[in-house]
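So the structure is just underneath, and the comments pick up after that.
Each value in this text was obtained by applying a stated rule to the coordinates, not by laboratory testing. Everything numeric in this text was worked out from a predicted model, so none of it was measured. Don't worry about glycine lacking a Cβ; one is built from the backbone with ideal geometry, like all the others, and counts go over all protein chains shown.
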Amino acid sequence: MKHVILAEKPNQALKYAEALGTFKKKDGYFEVTTNILEGDVIVTWCVGHLIQLADMEDYDSSLKAWKKETLPFIPKRMKYKVSPYASQQFYKIEGLCESLTSQDVFIIATDPDREGEAIARYVMNQIPNIKNRDITIKRLWANTQEPEGLRTSFQSLKTGAETYPYYLEAQARGVADWLVGINMTRLTSITMQNMGINVGVFSVGRVQTPTLFMVYNRNKAIESFESKPFYELFAIDETSNPLCRFKYDRRFESKETYDAFKEEHDLKDEMTGQIDKVEVKEKQTPAPKLFKLGGIQKVANQKWGYTLDETLSIVQSLYDKGFLSYPRTDSDLITTSEFKYLKERISDYANIVDIQENFTNLEPRKRFVDSDKVLEHYAIVPTKTIPTLKDLSAFSSAQQNIYREVVIRTLGMFQPDFVYDETKVTLRCQDVIFKARGTITKDKGWKQYQNTEEKETDVQVIPSYQEKQTIQVKLENKEGRTKPPVYLTEATLGGEGGLMETCSNGLDDEILKKDLKNVSGIGTPATRGNIVKGLIDKGYMEVRKKKLYITEKGNMLCEALKNSQLASVEMTAHWEHELKTISEIGKKDVQDKFLEKIKVSLKEEVNNFDQQIKTSVSGISLESLQKSQMIGKCPKCRQGHLLKRKSKKGQPFYTCDSSTCEYILFGVISGKTLSETIIQSLLETHKSKVIKGFKSKAGKKFDAKLKLNEEYKIVFDFEKK
């Protein structure tokens, strides 16, 4: 009997080999000796996606040219191919599987999620010996990379049939994204080019486009906002200690309506009022819920400015090291099993983050622990493996920040609640009711260590009033102005509670609203960071002081697509709901029906596109777009200007806009992306100041100056010592 275990990446495969027993490293795999699995055991690995959907030109070489008449391109049968950069490892896996028989077992041990399932199944589909033989398929489903947890998971493998529905959903998502992306990107780019808008490729996507529209719509709302004055009415008890402000609930749109209200109710600038009601209640606020991926992404963006994608990478790295649980989770709950081990190690966690032990909630509470509601993955929490001082010192500063934040959030589950007295007082002046609210902290509890950045308004310390008491007050009006909507950030767009997650709130259709709420918005927790990053890398939006701004190119694309269903959250709601249904039902015919709907919708979109775009692009300013992308004069021809572009991998480069000049300047040197300020300095003075953070081929970091040489290429200009 033979077991072949397929991991998602090399370091994951090593973790498996170490957990199972002793092993020998071979070329592309490990030979493992273990008493957990029978017979010969081989652990091999992918390097991310080894198999990808074929390009249009792989179906027919003539399709390499972008031509409108070839669209929509909808293959009768989707083709897949081995990724060129990873072909060596794929053929290694194929070779290891050549001798498998029906007596052997193939274990899918990629990440325990839909994408991990797809990575493995795509490989399996390309290996004839697995595809055509009746080989037993098992699935490792591990929320931790710790040795003990992995051994437990290997002893309780799922059947391949149990997780196959996740593959059906992931495959459908991938095919739908490919069909929409490749057709609409080509169609939009060609159409814009034909209209004289020749500024490169306009990438369009099933999820990325409605996400871009969220930023576009918010920016438009801010730009069109007209601030208006308003007036508020207060009654102030200046004789009390401390001073107390009572507020009337209504806002007045003008000074005239405010004055008329005072006159109507016979309100004087100074008058007597009566305390109608005094209500004092002790209240308790439990600690914030445990982190799901969107939650830690939101906090990290707000506290340290990490992008959503950066935070996922950091949490993933700590998971790979065995210190945090599985990152791509949409749950903020754990089971009683995790609660037990976390409770047993409270002191160890507390020492790491310098928290004094005051843990009073030592029994599971439904807010944090609910085994019945944890379906695939539990919340992000520390594992049983406690990092040593040596481990912690090897963490990057970002890893330390994230690990500490997760530990502190987890310990909050055991800490006392925040306890306070809330006082509400009602004051009557004539027949007008004013209200005041105040709080007094009794026990800071978990708040001693967690800053939730919650801002409370109109909260004060309330004097000891008695009901029926009369007091002298001064009436005061406070003038204010309405404020525009706030700019979105990565946190408020793609983090927990962000627009991508809560976009159902803005829908009028109750059925659609329910569909989108049931699937937690558009995209998945694991993909939202990459979607936001992609929109920034493609030049559709940019980050300034954490805020997201639509660029001229992004504005142009949104203007062009504003009449398209691709811009609508409604369409995405339908699709996300049906994608979830695929994995819930787990049948191929459900997937087929979904993809057929996508194809019909795509054909309609292509057929109607010309008319839609003609009515949309009238307000587009090509000149303003090109001007916004100009970095400086071309150093070679001295006639044209350099325009910023992005490669397919999102890396910046600069080209001359003169039709007679072919000058190109690359924006990434030795692993360092050069800022526009540095590029402008090179164009103006042909040299730069010392720049930090270059990386040599050996992986060592170094600092250096740059200059433009005689051929106007960027080269290093090392200082003489």
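Pairs of Cα atoms nearer than 8 Å and 6+ residues apart set the relative contact order; for the chain it is 13 percent. The label point for C661 and the one for D60, both projected 7 Å from the Cα toward the Cβ, are 4.1 nm apart. Coupling constants for segment 330-342 follow from the phi torsions by the Karplus curve (6.51 cos²θ - 1.76 cosθ + 1.60, θ = phi - 60°), and in residue order they are 10, 10, 10, 10, 10, 9, 4, 5, 5, 4, 4, 6, 5 Hz; glycine and proline get x. Amide H to amide H, with H built 1.01 Å from N, I669 comes under 5 Å of L674, counting only residues 5 or more places away or on other chains.
Residues in segment 704-710 carry Karplus couplings, in order, of 6, 8, 10, 8, 8, 7, 5 Hz; the curve used is 6.51 cos²θ - 1.76 cosθ + 1.60 with θ = phi - 60°, and Gly or Pro positions show x. For segment 257-373, the square roots of the Cα gyration tensor eigenvalues, ordered a ≥ b ≥ c, give a/c of at least 1.5 with a/b greater than b/c, which places it in the prolate category.
Our coupling estimate for segment 144-156, obtained by passing each phi through the Karplus curve with A = 6.51, B = -1.76, C = 1.60 and θ = phi - 60°, is 9, 10, 6, x, 4, x, 5, 4, 4, 5, 5, 7, 9 Hz, Gly and Pro reported as x.
Given a Förster distance of 60 Å, report the FRET efficiency between E676 and R251 from their Cβ-Cβ distance, rounded to the nearest 0.05. Display every interim value, and only then the final one.
Values: r = 44 Å, r/R0 = 0.73.
Once the sixth-power term is evaluated, E becomes 0.85.
Run lengths n ≥ 4 of DSSP H only: what is the helix-derived mean residue ellipticity at 222 nm for the chain, with -39500 (n - 2.57) per run over all residues, to the nearest 500? Display every interim value, and only then the final one.
Numbers: 24 runs with 278 residues, N = 721.
One gets -12000 deg cm²/dmol as the mean residue ellipticity at 222 nm.
Label sites at L362 and F718, each approximated as a point 7 angstrom past Cα along Cα to Cβ, lie 6.2 nm apart.
If you take the square roots of the eigenvalues of the alpha-carbon gyration tensor of the chain and sort them as a ≥ b ≥ c, do you get rounded (a/c under 1.5), prolate (a/b over b/c) or oblate? Before the final figure, lay out each step's value.
Values: a/c = 1.76, a/b = 1.29, b/c = 1.37.
Since a/c reaches 1.5 but b/c is at least a/b, the shape of the chain is classed as oblate.
Taking each residue as 0.36 nm, the span from K687 to K390 lengthens on full extension beyond its C-alpha to C-alpha distance by 102.8 nm. Only one residue of N217, I182, A170 has its Cα farthest out toward the positive end of the dipole of segment 90-230, where Lys and Arg carry +1 and Asp and Glu -1 on Cβ, and that residue is N217.
Taking amide H atoms as placed 1.01 Å from N in the peptide plane, the amide H of T489 lies under 5 Å from those of L548, each 5 or more residues away in sequence or on another chain. Each of Y166, Y80 was scored by other Cβ atoms within 10 Å of its Cβ. Arranged with the fewest first, they read Y80, Y166.
Please state the shape class of segment 163-302: rounded when a/c is under 1.5, otherwise prolate if a/b exceeds b/c and oblate if not, all from the C-alpha gyration tensor. Because a/c hits 1.5 or more and a/b fails to exceed b/c, segment 163-302 counts as oblate.
Where the only charges are on Cβ atoms (+1 Lys, Arg; -1 Asp, Glu), what is the dipole of the chain about its Cα centre, to the nearest 20 debye? It would help to have the intermediate numbers written out before the result.
Working: 110 positive and 100 negative charges, 496 e Å.
Roughly 2380 debye, rounded to the nearest 20.
What ranking, highest mean first, results for peptides 327-338, 286-297 when packing means the other Cβ atoms within 10 Å averaged over each residue?
So the peptides 327-338, 286-297, ranked by packing, come out 286-297, 327-338.
Here segment 33-109 and segment 345-413 have alpha carbon centers that stand 38 Å from each other. Under 5 Å between amide hydrogens, built in the peptide plane, is the criterion, and for I334 it picks out V369, D370, A379 among residues at least 5 positions away or on other chains.
Taken as Cα centroids, segment 276-310 and segment 226-265 sit 32 Å apart, rounded to the nearest whole angstrom.
Exposure proxy ranking for R206, R245, based on other Cβ atoms within 10 angstrom of each Cβ and starting from the fewest, stands as R245, R206. Taking the Cα centre of segment 262-334 as reference, the dipole from Cβ charges on Lys and Arg (+1) and Asp and Glu (-1) amounts to some 640 debye.
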